[in-house]
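Below is one structure, written out as structure tokens; the observations come after it.
The values are calculated or read from the model by the stated rules, or taken from the named source; none is laboratory data. Here the structure is a predicted model, which means the values were calculated and not measured. Reconstructed Cβ throughout: ideal geometry from the backbone, glycine too, with neighbour counts over all protein chains shown. Keep in mind that these areas ignore ligands, DNA and RNA; they rest on the heavy atoms of the full protein, side chains included. Shrake-Rupley method; radii C 1.70, N 1.55, O 1.52, S 1.80 Å.
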Amino acid sequence: MSDPRGRNPVVEVERYELDEAPVRPFGLERREFFKLMGAGVAIFLLNDMPTAAQESGGFVRRRPRRGIQGRRFNFGEPLPQNIGAWLHIGETGKVTVYTGKVEVGQNIRTSLTQAVAEELRVGMEAIHMVMGDTARVPFDMGTFGSRTTPTMNLQLRRVAAAARELMVEMAAKRWNVSAARLVASDGKVSDPSSGRSLEYGELARGQEMAQAIVAEDPLRPATEWTVEGKSVPKVNALEFVTGQHHFPADIRRPRMLFGKILRPPAFGATLQSFDASGAAAMPGVVVVREGDFAGVAAPSEPEAERALAALKAEWKLPSGPQPSNQNLFEYLKAHAEPAGHPGEEFGFFGANEERGAVGPALASAAHRLEATYTIAYIAHAPLEPRAAVAEWQDGKLTVWTGTQRPFGVRNQLAEAFHLPEARVRVLMPDMGSAYGGKHTGEAAVEAARLAKAAGRPVKLVWTREEEFTWAYFRPAGVIEIKSGANANGLLTAWEFHNYNSGPSAIRTPYEVPNQRIAFYPTRSPLRQGSYRALAATANHFAREAHMDDVARQVKMDPLEFRLKNLKDERLKAVFQAAAERFGWRERKTTRHRGFGMGGGFEKGGYVATFAEISLERPGGEVRVRRVVTAFDCGAVVNPDGLRNQIVGANIMGLGGALFEAIEFADGKILNNRFSRYRVPRFSDVPEIEVILIDRKDQPSAGAGETPIVGIAPAIRNAILDATGVHLYSLPLVPHGLKA
Amino acid sequence: MQRVRSLTINGQRVAVDAEPATPLLTVLRDQLGLTGTKYGCGEGQCGACTVLLNGFPRRSCQTAVGVAAGKKITTIEGLARNGKLHPLQQAFLDEGALQCGYCTPGMIMTGVAFLRANPHPSEADIRRFMQGNLCRCGTYPRIVAAFRRAAAIKSS
Ligand code: FES
Ligand code: FES
């Protein structure tokens, strides 16, 4: 019987097998490094100038001709430690790029490849990106916060630009001509005056050239881009449509077992008694118990399931009443910590703000409005649940897992098993997405525990119920706003108190002379963490809902009211562009059809979203008919990829806006599966139009997150427009609109 | 009940060894390494595990391998013929109808069966039929576009 896989010869060989040896240049001697990598040319980007100067013995060489600062490494000299990214050009002209960023569906494998192709002047197909393998790529904090495009994209462009210059210089030397008259394009250097040319691979042949750069170099400006700024298809899309791509859950290792974890019946339960005799007697089954952790590994998944079912465990539940989604918001307020002092920063996400004198301004305002908004916990529910394959060999641990932070997971594993980090390798195959939900390495640690006990590789794939229960949630929150406006519709006072949902985008982009903005961390009854755009969704929902309510109070058109209170030209521009395309001024509101907007600024991106809704029956289901989003994230790198992200963000946001909410009580998640937790499906999807405002004069910002923030307030305000009903909670209408 | 010893997958007979009640999904992925078929929910709600049984789309997480035995099973790996993609696969590439791509095999398998039964679908037809397939990345509009593109190619 033959291979039913029908392997497609055009598909690249699996890139996550261990057949490629770990290559860490860091601290290696140059000679050693090229022995591992093969001859060629390597460029390292050092993280910062002072370290770079130090690392390189203080003689960072400046090459004023094109502004690249760099230095060469001599024979026997160790390569630098503090590397942000690096690139290798081999003797066949193959370009390999190493970055700690990971691909989770946001399409950076493609956009980063574009960045390298742009500056190195090679075709996309010559470039291979090695991502998120801790043994082979430089350290990276993680892939979140929309940081890849503003940071890694620039870094790789610099590395590629330096490599290109090096190629030109090497050709110049070989021909004994001035580098200034040579041109790099299509993977080769040519001399227009003589017509001769050399391919990069030829130039790299027999070389062992390593160079470090630290430059803040001038790069090809966005107005001259030839590869970036254009739509290119996902680089490895073929592997996905043929089923050949191996996601973390698809990794297989020889002699691999399948793991299952014994889960407590409720959060906080502790294991009182444990009898594994039944399971342990099953052939090939390994049982592990360490404290409250218990699990099994078996030769197949059905056997693992049977073994799990045979474990006899008694749990002690935590005493006293547990919070539930019914009393969640009282609970959050009751357990709030005091706000930080004004100006306090929470990471790079936001800040408390105190400006002017809010009290008097409110007291003297012509119009005053006060409202409280609430936000439910929601789940990321990535279609691929957490998964890991762990393998121990000679005291070293290798784990393939889906995570946005491979180095963070490496650290978690090193701590859990008291290993030096050098003995832990984490590989992150392009995964079935995360949306901020996979910053942690639960499955990795669990699989490694089982594998250690079994002495064989173990695969652990969380069930959907586990993913809905034991992952973490987008924070729930309570937001209280007090506002004051004068008779002309100018905001004069703005108080904004956020309990628990987070400080991201907590500041108002509107001009208000008197402000008090505060974030109060609380004790969260559920495990919570990052989400697409973090708390920016909650803060924008409350703020933009309130803006419509004030607009009504001062009897102004919601668009005019916003524009009147805005100075930021880029934010105004997205509102105006979206309004025009949407046909805001021509809208015809009826009792069954409404129109609304929401927008703002976050992580370098400006967004405005307009929505049209219909009420299927009065008092019934709300349908979103049409959405227009205008987005400005600086110079656009890949327009098609960006549109895909913006449409996807709107659709994802629609679920949180209309119906998604985690229900919980007594330490249990009550709707822990798709049949009970509704997410957007084909029938929920409106017509969506995207307007990209391509600001070639502005640095490129990340775009996977911010476009999600406008849809919820836009829908909310559209419902208000049609019905006059002010809604104050996300989700807005989990059970239809009860008039 | 007798153990299932062989299956016909992508035009070939392959040896397996499973209890008949084992989900087909498990056998495909774990015994045969056909990991293009995905687990998303295990309760028939997401469509990531869709394969064809005698040409009809089936949730392999809800299909006992005993039921599949003796039928023609097609998985995403068997769709391309001699390196030539099925028009729907090609249409997914042309429309860029994926982000993380985890839902993609299930979408394509469901779509292949749907287009065979309904070569000229309206947009509403597509949405209705595909209601059971989830894409958390929200690529739905492009998936609809890919279906329409493939339908147009097939009928031209
Ligand atoms: S895994 Fe079978 S339908 Fe979701
Ligand atoms: S592309 Fe990610 S789930 Fe569909």
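Report ³J(HN,Hα) in whole Hz for each residue of the range A:308-323, in order, from the Karplus equation J = 6.51 cos²θ - 1.76 cosθ + 1.60 where θ = phi - 60°; Gly and Pro get x.
4, 5, 7, 6, 9, 9, 10, 10, 9, 7, x, 8, x, x, 9, x
Rounded to the nearest 0.05, what FRET efficiency is calculated for A:Met141 and A:Asp666 with R0 set to 45 Å and r the Cβ-Cβ distance?
On the way: r = 37 Å, r/R0 = 0.82.
The formula returns an efficiency of 0.75 here.
Considering only protein heavy atoms and a probe of 1.4 Å, how much of the accessible area of the range B:4-78 is carbon and sulfur, as a whole percent?
Within the range B:4-78, the accessible surface is 48 percent carbon and sulfur.
Which positions within the range B:33-62 get 50 Å² or more of their accessible surface covered by the other protein chains, compared to the chain by itself, with a 1.4 angstrom probe?
Correct list: B:Thr35, B:Tyr39, B:Glu43, B:Gln45.
Chains A and B: what accessible area do they bury, summed, in square angstrom to the nearest 100, with a 1.4 Å probe?
Counting protein atoms only, the buried area is about 4900 Å².
May I ask which residue of A:Ala422, A:Val137, A:Gln326 lies farthest towards the positive end of the charge dipole of the protein assembly as shown, with charges of +1 (Lys, Arg) and -1 (Asp, Glu) on Cβ and the Cα centre as origin?
After comparing all options, I get A:Val137.
How large is log10 I(q)/I(0) at q = 0.20 Å⁻¹ when the Debye formula is applied to the Cα atoms of the range B:4-78, each weighted equally and without solvent?
Each listed q maps to, in turn, -0.73.
Relative to the present Cα-Cα distance, how much length would full extension add between A:His367 and A:Ser675 at 0.36 nm per residue of separation?
Between A:His367 and A:Ser675, full extension yields 106.3 nm more.
Whole number in Å², please: accessible area per residue of the range A:342-490, 1.4 Å probe, ligands, DNA and RNA not counted.
32 Å²
Per residue of chain A, what 222 nm ellipticity follows from adding -39500 (n - 2.57) for every DSSP H run with n ≥ 4, rounded to the nearest 500? Intermediate values should be presented prior to the final figure.
On the way: 18 runs with 190 residues, N = 739.
Taking each H run of at least 4 residues, the total per residue is -7500 deg cm²/dmol.
Which percent of the accessible heavy-atom area of the range A:573-653 goes to carbon and sulfur, probe 1.4 angstrom?
With neighbouring chains kept in place, the figure for the range A:573-653 is 45 percent.
Applying 1/(1 + (r/R0)^6) with R0 = 30 Å to the Cβ-Cβ distance of A:Ser614 and B:Gln62, what FRET efficiency is obtained, to the nearest 0.05?
0.30
Report relative contact order for chain B in percent, whole number only (criteria: Cα-Cα under 8 Å, sequence separation at least 6).
24 percent
I'd like to know which of A:Leu654, B:Gly70, A:Ala298 lies farthest towards the positive end of the charge dipole of the protein assembly as shown, counting +1 on Cβ of Lys and Arg and -1 on Cβ of Asp and Glu.
Farthest towards the positive pole: B:Gly70.
Given contacts defined as C-alpha pairs under 8 Å and at least six residues apart, what's the relative contact order of chain A, whole-number percent?
Answer for chain A is 13 percent.
By DSSP, what percent of the beta bridges with both residues in the protein assembly as shown are antiparallel, rounded to the nearest 5?
Here the antiparallel bridges make up roughly 75 percent for the protein assembly as shown.
What ³J(HN,Hα) values, in whole Hz, does the Karplus curve 6.51 cos²θ - 1.76 cosθ + 1.60 give for the range A:703-719 when θ = phi - 60°, with x put for Gly and Pro?
9, x, 10, 3, x, 7, 6, x, 5, 5, x, 4, 5, 4, 6, 6, 5
Share of antiparallel DSSP beta bridges in chain B, in percent to the nearest 5?
85 percent
Suppose we compare each residue of the range A:675-723 in its chain alone and in the full protein complex with a 1.4 Å probe; which ones drop by at least 10 Å² of accessible area?
Listed by number, the residues meeting the 10 Å² cut-off are A:Ser675, A:Val679, A:Pro680, A:Arg681, A:Phe682, A:Ser683, A:Val685.
For chain B, take the longest principal axis of its alpha carbons; what is the angle in degrees between that and the long axis of helix B:104-117, to the nearest 10 within 0 to 90?
Approximately 80 degrees, to the nearest 10.
Quick check for you: which residues of the range A:483-524 have the amide N under 11 Å from the point 7 Å beyond the Cα of A:Glu354 toward its beta carbon?
A:516-517
Which net charge results for the neighbourhood of A:His380, defined as the other residues with beta-carbon distances under 13 angstrom from its beta-carbon, given Lys and Arg at +1 and Asp and Glu at -1?
Computed value for this residue: +3.
Around B:Arg127, under 15 Å between beta carbons, what's the net of Lys plus Arg minus Asp minus Glu among the other residues?
Cβ neighbours under 15 Å give a net charge of +2.
Taking 35 Å as R0, compute the FRET efficiency from the Cβ-Cβ separation of A:Asp697 and A:Ala180 and round it to 0.05.
0.80
Using the Karplus curve 6.51 cos²θ - 1.76 cosθ + 1.60 with θ = phi - 60°, what ³J(HN,Hα) values do you get for each residue of the range A:399-416, in whole Hz, with x for Gly and Pro?
9, 9, 7, x, 8, 8, 9, x, 6, x, 5, 4, 4, 4, 5, 4, 5, 4
What per residue convex hull volume, in Å³, do the alpha-carbon atoms of chain B yield?
It comes to 105 Å³ per residue, whole-number rounded.
When the accessible area of the range B:95-156 is computed with all protein chains present and a 1.4 Å probe, what percentage of it is carbon and sulfur? Mind showing how you got there, number by number?
Values: 1120 of 2070 Å².
Answer for the range B:95-156: carbon and sulfur cover 54 percent of the accessible area.
If you roll a 1.4 Å probe over the heavy atoms of the protein chains, what accessible area per residue do you get for the range A:497-588, in Å²? Mind showing how you got there, number by number?
Details: 3230 Å² over 92 residues.
Per residue, the range A:497-588 has 35 Å² of solvent-accessible surface.
Given a 1.4 Å probe, show me the residues in the range A:368-384 buried by at least 10 Å² of accessible surface when comparing the whole protein assembly to the chain alone.
A:Ala381, A:Leu383, A:Glu384
Which of the three applies to the protein assembly as shown, rounded, prolate or oblate, going by the alpha-carbon gyration tensor with a ≥ b ≥ c and a/c under 1.5 meaning rounded?
rounded
In the range A:497-613, with Lys and Arg counted as +1 and Asp and Glu as -1 at Cβ, which of these residues, A:Ile613, A:Val550, A:Trp584, has the Cα nearest the positive end of the dipole, that is, farthest along it?
A:Ile613
Considering only the other residues whose Cβ falls under 12 Å of the Cβ of B:Tyr140, what net charge follows from Lys and Arg at +1 and Asp and Glu at -1?
Numbers: positive: A:Arg681, B:Arg127, B:Arg136, B:Arg142; negative: A:Asp684, A:Glu687, B:Glu95, B:Glu123.
Taking every Cβ under 12 Å from that of B:Tyr140, the sum is 0.
Report the charge-dipole magnitude of the protein assembly as shown in Debye, nearest 20, computed about the Cα centre from +1 at each Lys and Arg Cβ and -1 at each Asp and Glu Cβ.
Roughly 1380 debye for the protein assembly as shown.
For chain B, what is the mean residue ellipticity at 222 nm derived from helices alone (per DSSP H run of n ≥ 4: -39500 (n - 2.57); sum divided by total residues; nearest 500 deg cm²/dmol)?
Numbers: 5 runs with 50 residues, N = 156.
Helices in chain B give a 222 nm mean residue ellipticity of -9500 deg cm²/dmol.
Roughly how many Å² is the accessible area per residue of the range B:87-155, as a whole number, for a 1.4 Å probe?
With all protein chains present, the range B:87-155 gives 31 Å² per residue.
Greater than 23 Å separation of Cα atoms is the criterion. Which listed pairs, A:Lys94/A:Lys234; A:Lys230/B:Lys84; A:Lys668/B:Lys38; A:Lys94/A:Lys188; A:Lys312/A:Lys668; A:Lys188/B:Lys84, meet it?
Checking Cα-Cα distances, A:Lys230/B:Lys84; A:Lys668/B:Lys38; A:Lys188/B:Lys84 exceed 23 Å.
Given H placed 1.01 Å from N in the peptide plane, which residues other than close sequence neighbours of A:Ala210 have an amide H under 5 Å from its amide H?
Under 5 Å from the amide H of A:Ala210: A:Ala42, A:Phe73.
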